[in-house]
Each structure stands twice: as C-alpha cells, then as structure tokens.
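Worksheet: the structure to be examined is printed underneath.
The values are calculated or read from the model by the stated rules, or taken from the named source; none is laboratory data. The structure displayed is predicted, hence computed values, not measured ones. Here the Cβ is made from the backbone with ideal geometry for all residues, glycine too, and neighbour counts use every protein chain on show. Just the protein is used for accessible areas: all its heavy atoms, side chains included, with ligands, DNA and RNA removed. Shrake-Rupley method; radii C 1.70, N 1.55, O 1.52, S 1.80 Å.
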Amino acid sequence: MRHWTVLMLAMGIAWQANGQAKLSVKWEELTAEDFKAAISKSQGTCLLPFGILEKHGPHLPLGTDLLNVRYVAEHAAQQEYAVIFPQYFAGQIFEAKHQPGTIAYSAELQLRLLQETTDEMARNGCKKVVIVNGHGGNEHLLPYFAQAQLDKPHDYVVYVQWGHEATKKVGGPKLEPDWHAGDSETSNTLATHPNLVHMDRAKNESGADQKRVHLPDSVYTGIWWYARFPNHYSGDGSTATKEQGEADLESWINTVVRAIKAIKADDQSLKLQNEFYQQSEHPLATAQ
Ligand SMILES: [Zn+2]
C-alpha cells in the first residue's frame, strides 16, 4: 500500500513538472480547453489527412488510403506537434463508381465541403491548414483547390502535402506499374493494419495494365484509368512484405515531419497572400 502511495506521488510530480498531461494530436480527443492549448502548441498548424473509400484490389480494405494516411499523419504529428482533423474521405473517385463500397460525392460538393472544412478549421485557429493527401485520384483536385484560395481573401493558408522520397525496394522485381493495391500499398497496409490484409486473395484478380485505349501521352481522357485497370487494381499485392511497408512508411513519415517544420517556419505565404488580395482589388493600381 505504502509503495503504491509513493508511486502515485512520484507520478503526480512528473505530471506537474510537465505542466500538463500530454495533449492528443487528434482534434476529436481534445477537450475544448485542451483544444486551445493544442492550437497554441501547434502554432496554428493543423493536418487534414485526406483518404477515400474505394475498392483496393481483391485483398485490401475500402479505407486503405484513409487508414494509411492517418497512420502517417499521427506518427508525424507525434514528432512535430500538429492538430489532426478527423476522418475525411470526400475526394475525387468517379473512376471507381462501378465497384462496391465507393463513395463518390459530386464535384461541386467535394469543393464546397473542402472549402467549408478548411474555413471552419481556420475559424478555430488553424491558420496553416496542411492537406496531407493519401489518395492518387486527388492529384488534380487538391492543387486546383489550393489555387482557388486566391479567388477571394482568406485569413489562412492551405498547403497541400503529397508524396515522399523514393523508398529502397526490398526483395525481388515487382509488377509495374504499381499504382493501386499493388506491392507498395499492400506492403504499407501490412505494416499499419496487418489484420485487414487478405494476402491469400491478392491473386484473385489481375492488376496488370490492360492497355485498352491507345492515345498519345499528350492526350488526357477521364476513362483512362478504367481502360487500363478495370478491377481497380494496379500492380501485384502478392509480392508485398511488411519490411517493405515499414521502409516506405518511415520515409513517408519523415517527409511529413519535414513539411510540418517548414510550414511552421513559413511566415511569407500569408503575408504575400494578403498583399495579393489587396492588389487584386485594384489591378490598375499595380505597378507596371
Ligand atoms: Zn490506395
């Protein structure tokens, strides 16, 4: 009993020396009072990990992108504190509407919801909103959204973080292209959520490029993905390893940590945005 009391006292002292209990990085886990402290600790830097709900081959969960990007954001924010917005998956995924479980909101709603979400984040002190993208289909949506912030004044900056340094390939040759539910994404999920990966089903469908449309690289058409990967599978998940996933996640997490540090240090973007908004009110007054 005495032992226990001493232990409790020691813990109390540690708690007091720290000033406060450790703040969660997750928006939904903070109390209102702790949220204020979290925004201050993060210097107004908040992450919006962006996933999607779509088929991931025959062997990975529908929420693969969401699960993996949140895993990365949470590990990065533990190293470089930032507040993480809850689950977000209202992205561009029209090309998977023929597959079960896809949630594909209209283009108008995608943009409106994202704008109102970042506006609400900013109203709550997130003056640096970092969209951490985990879904390939957002490759045009997110830069467009960030660019559209110049349309009218905002008191915050939207940053889009996407991609990371190449990771050393572990093991033998892989089926290329490896763009969706193939070796890399399956490896990552083996490292983040091993019990959601059904390795025994990875060969149930083909992730090979079916090359059904022949157009020059300079021509874009929306059906290109369906033409090449109708099973919503690109690559071969059966060659995946946890070791490969751990290597990839380490590089992804490090990249996000570096991005958060650089964004915290960035005092130019908001200043220049404000200057730009003012000048765009009166373009004829802009010096030529
Ligand atoms: Zn994915």
What is the percent carbon and sulfur in the accessible area of the chain, measuring with a 1.4 Å probe over the protein chains and ignoring ligands? 57
How large is the dipole of region 96-204 about the Cα centre if only Lys and Arg carry +1 and Asp and Glu carry -1, each at its Cβ, rounded to the nearest 20 debye? 160
With the dipole of region 88-147 worked out from charges on the C-beta (+1 for Lys and Arg, -1 for Asp and Glu) around the Cα centre, which of LEU113, CYS126, GLY91 lies farthest toward the positive end? CYS126
Sites ALA32 and GLU176, calculated FRET efficiency, Cβ-Cβ separation with R0 45 Å, nearest 0.05: 0.35
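With +1 assigned to the C-beta of every Lys and Arg and -1 to the C-beta of every Asp and Glu, and no other charges, what is the dipole magnitude of the chain about the Cα centre in debye, to the nearest 20?
Values: 26 positive and 34 negative charges, 96 e Å.
That gives a dipole near 460 debye.
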Tell me the trypsin sites (Lys or Arg not before Pro) within region 207-256 that lie in a loop according to DSSP and have at most 15 other beta-carbon atoms within 10 Å. LYS211, ARG212
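Measuring with a 1.4 Å probe in the full set of protein chains, what accessible area per residue, in whole Å², belongs to the chain? Show your work: numbers first, answer last.
Working: 15860 Å² over 288 residues.
On a per-residue basis, the chain sits at 55 Å².
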Each residue of region 232-238 in order: what ³J(HN,Hα) in whole Hz does its phi give by Karplus 6.51 cos²θ - 1.76 cosθ + 1.60, θ = phi - 60°, with x for Gly and Pro? 6, 8, 9, x, 9, x, 6
For q = 0.07, 0.11 Å⁻¹, Debye-computed log10 I/I(0) when each Cα of the chain counts as one equal scatterer: -0.33, -0.75
Taking every alpha carbon pair in region 176-288 and sorting the distances into 10 angstrom bins from 0 up to the bin holding the longest one, the percent per bin comes out as 12, 24, 19, 21, 15, 7, 1
If you take the C-alpha gyration tensor of region 144-205, multiply each eigenvalue by 5 and take the square root, what semi-axes do you get, largest first, in whole Å? 36, 14, 12
Which value, in Å² rounded to 10, gives the accessible area of THR241 with a 1.4 Å probe and all protein chains present? 50
In Å², nearest 10: area of HIS214 left accessible to a 1.4 Å probe: 150
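Please give the contour-minus-distance gain from HIS282 to GLN147: 0.36 nm per residue of separation, less the Cα-Cα distance, rounded to one decimal in nm. Could the numbers behind the result be given before it?
Values: separation 135, 0.36 × 135 = 48.60 nm, distance 1.99 nm.
Gain on stretching HIS282 to GLN147: 46.6 nm.
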Total lysine pairs whose alpha carbons fall under 26 Å of each other in region 153-288 (8 or more apart, or interchain): 12
Out of ALA32, ASN254, ALA202, whose Cα points farthest toward the positive end of the dipole of the chain (charges: +1 Lys, Arg; -1 Asp, Glu; placed on Cβ)? ALA32
Amide H neighbours of ALA240 under 5 Å, counting only residues 5+ apart in sequence or on other chains, H built in-plane at 1.01 Å? none
Among ALA77, ALA287, SER184, pick out the residue whose Cα is farthest towards the positive end of the charge dipole of the chain, where Lys and Arg carry +1 and Asp and Glu carry -1 on C-beta, about the Cα centre. ALA77
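Using the per-residue mean of other Cβ atoms lying within 10 Å as a proxy for protection, in what order, highest first, do the peptides 34-40, 153-159, 231-237 fall? Spell out each step's value before the answer.
On the way: 34-40: 15.9, 153-159: 18.4, 231-237: 23.6.
Averaged packing, sorted descending, gives the order 231-237, 153-159, 34-40.
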Check which residues have an amide H placed less than 5 Å from VAL130's amide H, if you skip close sequence neighbours. CYS46, LEU47, LEU48, TYR159
